[in-house]
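Read through the structure below, which is laid out as structure tokens, and then see the notes.
The values are calculated or read from the model by the stated rules, or taken from the named source; none is laboratory data. Please read these numbers as outputs of a predicted model, since none were measured by experiment. Note that each Cβ is placed from the backbone with ideal geometry, even for glycine, and that neighbours are counted across all protein chains shown.
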């Protein structure tokens, strides 16, 4: 016993925060930045045509929070807004029109399916397109926020992740689209919530759900888009592993 080392006196590094603990720690540290970003986003959306780049800029700055990087709301948001104009518009056109058209088509054909089961065929097609676009959109914005360019490879990877890892995409979609729908339906009671954190906080929660999947399959932004794509069939199969 005289030669045993006293391990109790050694300093132990605290375990790295993760899960809900990390989320609430980010909220506590960045509460002011979250509210500021929400106001900046709303101001940039006033001309309406600026909604796509403003949306991508919001995702990019919020991404820095989930990565626990320093956040300077105004400078980083404005730089992302100016530099990501084309990517923001492209991502918006790749996600919003397909989801809107497919969602409307599914609702339209479902009304006639009760009288004639044949209408279930176009309904199922529209529903499949809607779900694919919905799941892929979450990962697409996550990949773009991580620094990827809007290329064919990025879009295909977003679709693969959406179909292969749907659980995280569903949670992200519910956080973003669900909170937005609830705010609109409960307006004007939800007016204060929408102004203070109705967009930035759901965006933070959505990216928090996608964080681990993007870290594994998306890779770091500085590595380049081509080098981060799965190059072998074995790596592609990992995407479709059980959640």
What helices (runs of 4 or more DSSP H) lie completely within the stretch 22-131 and have 1 or more residues being more than 21 Å from the chain's Cα centre (by Cα) and exposed (fewer than 14 other Cβ atoms within 10 Å of the Cβ)?
73-83, 85-113
Starting from the stretch 147-162, take each residue that is in contact (Cβ under 8 Å) with a residue 12 or more places away in the chain and at negative phi and list its partners that are exposed (fewer than 14 other Cβ atoms within 10 Å of the Cβ) and in a helix (DSSP H, G or I), counting only C-beta distances under 8 angstrom and pairs at least six apart or across chains.
150/86; 153/226
When restricted to 217, 208, the only residue touching a helix residue (DSSP H, G or I) at 6+ places or on another chain (Cβ under 8 Å), at pLDDT below 85 and either assigned to a helix (DSSP H, G or I) or under 24 Å from residue 68 (Cα atoms) (or both) is 217
Could you please give the count of residues in the stretch 180-204 that are assigned to a helix (DSSP H, G or I) and surrounded by fewer than 21 Cβ atoms within 10 Å (Cβ to Cβ)?
13
Regarding residue 8, is this residue modelled with pLDDT under 90, over 18 Å from the mean Cα position of the chain (by Cα), farther than 30 Å from residue 156 by Cβ and loosely packed, with under 15 Cβ neighbours inside 10 Å?
yes
In this structure, does residue 170 turn out to be out of contact with any strand residue (DSSP E or B) (no Cβ under 8 Å at 6 or more places or on another chain), surrounded by fewer than 15 Cβ atoms within 10 Å (Cβ to Cβ), assigned to a helix (DSSP H, G or I) and in contact (Cβ under 8 Å) with a residue 12 or more places away in the chain?
no
Looking at residue 159, is it part of a helix (DSSP H, G or I) and within 28 Å of residue 201 (Cβ to Cβ)?
yes
